[in-house]
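A.B. asks: Have a look at this one.
The values are calculated or read from the model by the stated rules, or taken from the named source; none is laboratory data. Please read these numbers as outputs of a predicted model, since none were measured by experiment. FYI the Cβ positions are ideal-geometry reconstructions off the backbone, even for glycines, and counts take in every protein chain you see.
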């Protein structure tokens, strides 16, 4: 349980960092747009949506970036993305 709490804290810190960096450097994540992001912190045995990772934060921020980033809600948890594989 402590490990999951630690992971959640680290992901929240990364999200806050990424949001702040995007505010001063809007194109920071653009080189990742359209790329396949791989993650080692989630496992196939994790329940869908149970584990949030840095990659999910990056994908969310890239998607939100097209609509405008809500910097006032930077501390909100990142919603889990579906874990279905794509071909």
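A.B. asks: Report the residue count in the range 16-40 for those that are in a loop (DSSP other than H, G, I, E, B), within 12 Å of the chain's Cα centre (by Cα) and closer than 21 Å to residue 6 by Cβ.
C.D. replies: Looking only at that region, the number is 1.
A.B. asks: Moving to a separate point now. Quick check: anything in the range 43-52 touching a helix residue (DSSP H, G or I) at 6+ places or on another chain (Cβ under 7 Å) and at pLDDT 90 or above?
C.D. replies: no
A.B. asks: Additional query: Which numbered condition in (1) at pLDDT 75 or above; (2) over 16 Å from the mean Cα position of the chain (by Cα) is the only one that residue 1 fails?
C.D. replies: Evaluating residue 1 over (1) at pLDDT 75 or above; (2) over 16 Å from the mean Cα position of the chain (by Cα) leaves (1) as the failure.
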